[in-house]
Amino acid sequence: MNEKDFDLLVESIKQAGEIKRGERKPSRVFQFSPLDGKAIRSKLQQSQREFAQMIGVSVAIFTKSTRSHTNLALYTFRNAAA
């Protein structure tokens, strides 16, 4: 990585910290809509176990999300960010 790109990366990390601490507003916000996991899984012709493994959640979480309309996209995003 060249020095210019490194400096941009460091600056963006500092800005992310400021946003997290509430010292700065983000320049953009992404909204995630709930996934219709059952429809997607059916279209891909996968079992609940296969689909849950593919998206990185337990079968129990996937099943619960299809029954209660839990925002699976947000849950998956939070786990991926951790």
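The values are calculated or read from the model by the stated rules, or taken from the named source; none is laboratory data. Keep in mind the model is a prediction, meaning the values are calculated, not measured. Backbone-built Cβ (ideal geometry, glycine too); neighbour counts: all protein chains shown.
Which pairs turn up if I take residues in segment 52-81 that are over 11 Å from residue 37 (Cα atoms) and surrounded by 11 or more Cβ atoms within 10 Å (Cβ to Cβ) and look for partners that are at pLDDT 60 or above and basic (Lys, Arg) with beta carbon separation below 8 Å, at least 6 apart in sequence or on another chain?
Here the result reads 59/49, each pair linking segment 52-81 to a residue that is at pLDDT 60 or above and basic (Lys, Arg).
Name every residue in segment 15-51 that is modelled with pLDDT of 85 or more, in a helix (DSSP H, G or I) and either of a type in the set (A, V, I, L, M, F, W, C) or surrounded by fewer than 10 Cβ atoms within 10 Å (Cβ to Cβ) (or both), in order of residue number.
Across segment 15-51, the qualifying residues are 16, 19, 43, 44, 51.
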